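A.B. asks: Sending over a structure as C-alpha cells; questions will come in a sec.
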Amino acid sequence: MSEHEIYTLRINGDEHHVKDAWIGESLLYVLRERLGLPGAKGACEQGECGSCTVVLDGDAVCSCLVLAASAVGSEIATVEGLSPDGSLTDVQQAFIDEGAVQCGFCTPGLIMAVHHLLDHNTTPTELEVKEALSGNICRCTGYGRIFAAVDKVVSVRLGASQ
Amino acid sequence: MTVLLPTSLDEALQMLSEHPSADLLTGGTDLMVEVNFNHRKPTTVIALRQLAELHTWSIDQQTQRITIGAGVPYAEMEHGPLADALPCLAEAARTVGSPQIRAAGTLGGNLGTCSPAGDGLPVLSALDATIHLSSQSGSREISFHDFMTGPKRNARQPGEIITSVSMNIPTGWQGYAKVGVRNAMVISVASACLVIDSGSNSKDNDQPSVRIALGSVGPTIIRCRETENWWNNLPNAEKRSASVIQEFGVRAGQESRPIDDHRSTAEYRRHAISVLSSRLLHRGTQS
C-alpha cells in the first residue's frame with residue numbers, strides 16, 4: 001500500500017474504509033481522526049499509558065504502536081464495540097458504581113484491559129489484577145476504586161454463574 | 001511511504017530484496033514510537049505480523065534444543081511450556097513494559113533494534129543463543145555474541161530477516177533480574193541473566209559452572225567471562241560460601257562498563273550489577 005491508498009480495517013465486526021490518510025498513521029490516529037471512533041484516547045503515543053488500549057486479534061495492545069495499515073486482515077475491537085446498543089457493560093457499570101472514574105481519560109483503556117483480563121481469567125488474584133492493569137496509567141490516583149470495581153464484577157459474575 | 005504486508009517468509013524476502021533499505025516491523029514498540037514522534041520517516045515498511053513462520057517455537061526433546069520464532073510475542077514466553085523450559089526467559093519477558101507491550105513485542109524486534117537495554121538480550125547472551133537469518137540467497141546462523149556489535153548495531157545484512165533464535169536448555173538453575181525505577185512499564189537501568197550448568201550427573205565429580213550476562217551497562221550485552229572462569233575454577237566446597245557469592249557480584253560489577261545517562265549513573269549501575277549478580281548466584285546455588 002502506498003501513500004493515500006484506500007485500505008480496509010475490520011473493527012467491531014464491521015468493515016471500515018480508510019481514505020485520505022497518511023500511510024504511516026497509527027491505528028489510534030486512524031480510529032480517532034479518520035473513522036470517528038474516539039473511544040481510544042491518545043496521550044503518550046509511545047505505549048506507556050495504555051489509554052489507547054484496543055484488542056487486536058485477541059490481544060490487548062496499545063493502538064498507538066500499531067501501524068494502521070499493518071492491521072489489514074486483523075480483527076480489531078474497540079471500546080465502542082463492547083455494547084453495540086449503547087448500554088453499559090457490567091465492567092462499565094461497576095466503574096460507575098464504585099467511583100472508579102474521575103477525569104475519565106484513562107477509563108476506556110482500563111475498561112478494555114479489564115474486559116480482556118476477565119475474558120481470560122474469571123477469578124484473578126489481587127496480584128494478577130494489578131499486573132494486568134499495570135500498563136494503564138491513571139493519574140487521578142483512582143486505583144483503589146478501580147480494583148474495587150474489578151472485584152465487584154468478579155463476584156457478580158461468579159454469583160450469576162452459580 | 002509504502003507499507004507492504006507479506007503473508008509468507010519467501011514473499012517478505014522478495015519484497016526486501018526489492019526494497020533493501022525497508023524498515024522491518026513486528027510489534028511496533030520501537031519503530032512506531034519513532035514514527036509517531038517524527039524521529040524517523042521510513043520510505044518503506046515491511047510488516048511481518050502475517051508471517052506464520054515467525055510465530056512458532058519448538059523443543060527438540062532429544063537434543064534439548066529450543067527454537068523460538070522471531071515473531072513470538074513476550075506474552076507467550078511468560079507462562080506455559082516455553083516458560084517451563086526457559087524460566088530465565090520467562091522472568092525477562094515479564095519485565096518487558098506492560099501486558100500490552102508484551103502482547104506486541106518480540107525477540108526478533110529486540111534483536112533488530114539491539115538496544116543494550118533490550119530485556120531479552122542478556123538471556124540470549126547467557127544462553128549462548130544462535131541467531132538465524134534468512135535472505136533470498138539462503139539462510140545463515142550467527143552466535144549472539146557476534147551478532148550484537150554495538151548500541152543499536154548488529155550484524156544483520158541488507159536483505160536479511162531474523163527468523164528465529166535457538167539455544168540449549170541449561171541443565172541447572174536459571175534466573176533473571178532487573179532494576180528500574182518501578183516494577184511495570186520501565187526501561188532497564190541494569191539487568192542480569194545467570195545460568196548454572198550442573199555438570200556431570202555423578203555426585204563425586206559434579207562441577208557446576210556459571211554463565212552470566214549483563215544488560216544496560218555497556219555498549220553491548222556484556223558476558224562476564226573472567227568472573228565466570230574465577231567461579232568455575234573454585235573448589236566446589238567454596239562455591240556457595242557467602243564471601244564467594246559477594247565477591248562474585250563485585251567481580252561482575254567490575255566487568256560492567258556503565259555510563260552516566262538520563263536514566264541513571266555509572267556508579268549506581270555498577271553497584272546494582274554487583275547486588276543483582278550476587279543475588280542471582282545465591283538463589284541459584286541454594287536451590
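None of the figures in this text is laboratory data; all of them are computed from the coordinates on show. These figures come from a predicted structure and were not determined experimentally. As a convention, Cβ positions derive from the backbone with ideal geometry for all residues, glycine included, and neighbour counts pool all protein chains shown.
A.B. asks: If you average 1/r over all unlike Cα pairs in the protein assembly as shown and invert the result, what Kirkwood radius do you get in angstrom? Don't skip to the end; give the middle numbers.
C.D. replies: Working: mean 1/r = 0.0430 Å⁻¹.
About 23.3 Å, per the Kirkwood formula over Cα pairs.
A.B. asks: Given contacts defined as C-alpha pairs under 8 Å and at least six residues apart, what's the relative contact order of region A:90-161, whole-number percent?
C.D. replies: Relative contact order, region A:90-161: 50 percent.
A.B. asks: Give me the lysines in straight-line cross-link reach of B:LYS152: C-alpha distance below 22 Å, same-chain residues under 8 apart excluded.
C.D. replies: Result set, ordered by chain and number: B:LYS41, B:LYS178.
A.B. asks: Return the distance in nm (one decimal) between the two label points of a simple spin-label model at B:GLU141 and A:THR125, each offset 7 Å from Cα along Cα→Cβ.
C.D. replies: With each label point 7 Å from Cα toward Cβ, the separation is 3.8 nm.
A.B. asks: Now for a separate question. When the dipole is taken about the Cα centre of chain A, and only Lys, Arg (+1) and Asp, Glu (-1) are charged at their Cβ, what size is it in debye, to the nearest 20?
C.D. replies: For this selection, approximately 400 debye.
A.B. asks: Right, here's the next one. Take the Cβ-Cβ distance between A:ARG10 and A:SER161 as r, set R0 to 30 Å, and report the resulting FRET efficiency rounded to the nearest 0.05.
C.D. replies: 0.45
A.B. asks: Further, regarding this structure: Just the ratio, please: alpha-carbon radius of gyration of region B:177-287 over 2.2 N^0.38 Å, N its number of residues. Each step should come with its number before you reach the end.
C.D. replies: Numbers: Rg = 14.6 Å, N = 111, 2.2 N^0.38 = 13.2 Å.
So region B:177-287 has a normalised radius of gyration of 1.11.
A.B. asks: Related question: Using only the alpha carbons of region B:16-56, what is the convex hull's orientation-averaged projected area in square nanometres? Kindly include the intermediate steps, with their values, before the conclusion.
C.D. replies: Details: hull surface 13.2 nm².
Seen from a random direction, the Cα hull of region B:16-56 projects 3.3 nm² on average.
A.B. asks: In angstroms, what radius of gyration and Dmax does chain B have, counting Cα atoms only?
C.D. replies: Cα only, chain B: 19.3, 65 Å (Rg, Dmax).
A.B. asks: Still on this structure, please answer the following. Test of understanding: extend the Cα→C-beta vector of B:SER8 to 7 Å, then name every residue of region B:123-150 with backbone N under 18 Å from that spot.
C.D. replies: Taking a point 7 Å out along Cα→Cβ of B:SER8, the residues of region B:123-150 whose backbone N falls under 18 Å are B:134-139.
A.B. asks: Now a separate question. Suppose every Lys and Arg Cβ carries +1 and every Asp and Glu Cβ carries -1, with no other charges. What dipole size does the protein assembly as shown come out with about its Cα centre, to the nearest 20 debye?
C.D. replies: Charge dipole, the protein assembly as shown, about its Cα centre: 1300 debye, nearest 20.
A.B. asks: Picking from B:VAL179, B:SER243, B:PRO219, whose Cα lies most toward the positive end of the charge dipole for region B:174-286 (charges on Cβ: Lys, Arg +1; Asp, Glu -1)?
C.D. replies: Of the candidates, B:VAL179 comes out farthest on the positive side.
A.B. asks: Any idea how far the Cα center of region B:222-251 sits from the one of region B:1-21, in Å?
C.D. replies: Taking the Cα centre of region B:1-21 as reference, the centre of region B:222-251 is 48 Å away.
A.B. asks: So between A:GLU3 and A:ASP59, what do we pick up on full extension, going 0.36 nm a residue minus the alpha carbon distance?
C.D. replies: Once the chain is fully extended between A:GLU3 and A:ASP59, it gains 17.4 nm.
A.B. asks: Give the average, rounded to an integer, of partner chain Cβ atoms located within 10 angstrom of each Cβ in A:23-31. Don't skip to the answer; put the middle values down first.
C.D. replies: On the way: counts 5, 11, 2, 5, 2, 2, 1, 0, 0.
If you average over the peptide's residues, the count of other-chain Cβ atoms is 3.
A.B. asks: Additional query: Based on a Kirkwood Rh over C-alpha pairs, give the Stokes-Einstein translational diffusion coefficient of region B:1-102 at 4 °C and viscosity 1.567 mPa s in µm²/s. Write down the numbers at each step before the final one.
C.D. replies: Working: Rh = 15.3 Å.
The calculation lands on 85 µm²/s.
A.B. asks: Percent of Cα-Cα pairs per 10 Å bin, from 0 to the last occupied bin, for region A:7-80, please list those.
C.D. replies: Result returned by the calculation: 23, 61, 16.
A.B. asks: Between B:PHE37 and B:ASP261, 0.36 nm times their residue separation minus their Cα-Cα distance comes to what?
C.D. replies: 78.5 nm
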